[in-house]
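Heads up: the structure comes next, in structure tokens.
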Amino acid sequence: MVHEFLLRSPFMKYVFPVRSGIRVRQADLGRDGAVSTVGMARWLEDARIRLEFPQFEQLVAAGEFGPYQIIFVGQSVERLAPVRRTDADIEVHTDIRRIGRSSFTYGHAVFARGNQVGAGDATVVLLGVAGPLALPEELVADLTALARPDSDDTVATRPDAERHRRSHYAYFAPLRARISDVDLNQHVNYLALAAWYDEAVAAFTTSALDLGGLVPDLSPSSYRIDYVGEVTYPGDYDIGVLVGSFDADVVHYQLGIFLGDTCLGVADAIGPRGELRARSSGPC
């Protein structure tokens, strides 16, 4: 998980190879006036888009590599402290944590006022017509130039097969894909899917607390998301929710996206417990 990496990584003593200034947008803010977890995930996306891979870009421009798509297979984001619109000097620092045969992993740390307020990572794979493509030497060279020298990151452990079964989940929130969710790869964007998980947790906590129409502000502060299959438009989906564990302060959620009985993605989230009772925190 992200917090485990934070504990063993003195970010303030490490100079990230790329730093991106961030402007807080109204859409980034949650109901408490601070940047939401999904809003912070957008910042990480902005930082990744700004990265340049000059040797690889020249290779593609010369028509010597492709066709290909960049597909996300997993990402995480964690808010470590509140960030507000009035905060100054907000930056996302980015490096490369792992370079595989056909995939690589971005690493991120978010800073405001010189203090770390968030972290995350994202693993992508280069996909061709026949399946995953080996990373070309030019891209490996670009990635190596941005790699953390002492990185010991390994491939994140993916959830077990039980998480892909509809019967694993105790509560379901129905969601319909919107055309605004669709990206240039013609499937529902990974950031839209993160917002879907937020919707499901809100539906679960609203149902559990029954506050007479009021929606409790118990949005997760961290997500670890694994993508299993394509979520497309149009489509009616169900988001499964199960409370894996809880203590006096936080709830650990297990989440899954389903089209019928087919699992298309799973996620782990950690959110505040608030007024959730032990009975409502357990399986519904």
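A few remarks follow.
- Considering residues of region 55-85 that are polar (S, T, N, Q) and within 25 Å of the chain's Cα centre (by Cα) only, the residue surrounded by the most Cβ atoms within 10 Å (Cβ to Cβ): Gln75
- Region 97-112 - residue that is more than 19 Å from Tyr14 (Cα to Cα) and not aromatic (Phe, Trp, Tyr) and, of those, surrounded by the most Cβ atoms within 10 Å (Cβ to Cβ): Ser103
- Checking each residue in region 5-46 for being in a helix (DSSP H, G or I), under 19 Å from the mean Cα position of the chain (by Cα) and either modelled with pLDDT under 90 or among the polar types (S, T, N, Q) (or both) picks out Phe5, Leu6, Thr37.
- Members of region 209-223 that are surrounded by fewer than 21 Cβ atoms within 10 Å (Cβ to Cβ) and outside any loop (DSSP other than H, G, I, E, B): Leu209, Leu211, Leu214
- Near pairs, Cβ below 9 angstrom, 6+ apart or cross-chain, from region 263-284 (open to solvent by less than 10 Å² (accessible area, probe 1.4 Å)) to any residue that is modelled with pLDDT of 55 or more and among the basic types (Lys, Arg): Val266/Arg158; Val266/Arg163; Ala267/Arg224; Ala269/Arg224; Ser281/Arg273
The values are calculated or read from the model by the stated rules, or taken from the named source; none is laboratory data. All figures in this text were calculated on a predicted structure; none of them were measured in a lab. Positions of Cβ are backbone-derived with ideal geometry, glycine not excepted, and every protein chain shown enters the neighbour counts. Quick note on the areas: whole protein, heavy atoms, side chains included, nothing else; ligands and nucleic acids left out. Shrake-Rupley method; radii C 1.70, N 1.55, O 1.52, S 1.80 Å.
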